[in-house]
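J.: Take a look at this one; I'll ask things after.
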Amino acid sequence: MASRYNGRSRFTNADKIYENILEERGLGSIRQYTTGFMRKLTRQQRNHLSIAQQRWTVGDRLYKLAAHYYGNPKYWWVIARFNSKPTDAHFKAGDIVYIPMPRETIFDMYGV
């Protein structure tokens, strides 16, 4: 399955700033992924995609759009990445959301 974590390194974090949280949870450290890079697609790559458009309305969520268009809510990050808006909070009512398709093509372009 395609994952936004593909190709990302993991590291152990025992930073002092998290000491209280880790202690409350009975942990000495946590494993985290490095921050991913959200590269833009080229115009040529975009020309190979079909792009659906939907107006963002109150109650919309990226995971709901992913479930509708891709058949799996776990692919919400594809829509977020394509629109250069990493979370639902970055959209406001009336914004046009662009949904790239087909799913397999966009996954290949993002290298997942």
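Values quoted throughout were computed directly from the atomic coordinates according to the rules given, and no laboratory measurement underlies them. Everything quoted here is computed from the prediction, not taken from an experiment. FYI the Cβ positions are ideal-geometry reconstructions off the backbone, even for glycines, and counts take in every protein chain you see.
J.: Just to be sure I understand, how many residues within the range 21-78 are of a type in the set (Val, Ile, Thr), assigned to a helix (DSSP H, G or I) and within 19 Å of ILE106 (Cβ to Cβ)?
T.: 1
J.: Here's a follow-up. Scan the range 79-94 for residues that are in contact with a strand residue (DSSP E or B) (Cβ under 7 Å, 6 or more places away or on another chain) and surrounded by 15 or more Cβ atoms within 10 Å (Cβ to Cβ) and jot them down.
T.: ILE79, PHE82, ASN83, PHE91
J.: What's the total number of residues in the range 79-112 that are in contact (Cβ under 8 Å) with a residue 12 or more places away in the chain, in a helix (DSSP H, G or I) and of a type in the set (Asp, Glu)?
T.: Qualifying residue count, the range 79-112: 1.
J.: What number of residues in the range 53-71 are touching a residue at least 40 places away in the same chain (Cβ under 8 Å), surrounded by 14 or more Cβ atoms within 10 Å (Cβ to Cβ) and closer than 15 Å to PRO100 by Cα?
T.: Total meeting the criteria: 1.
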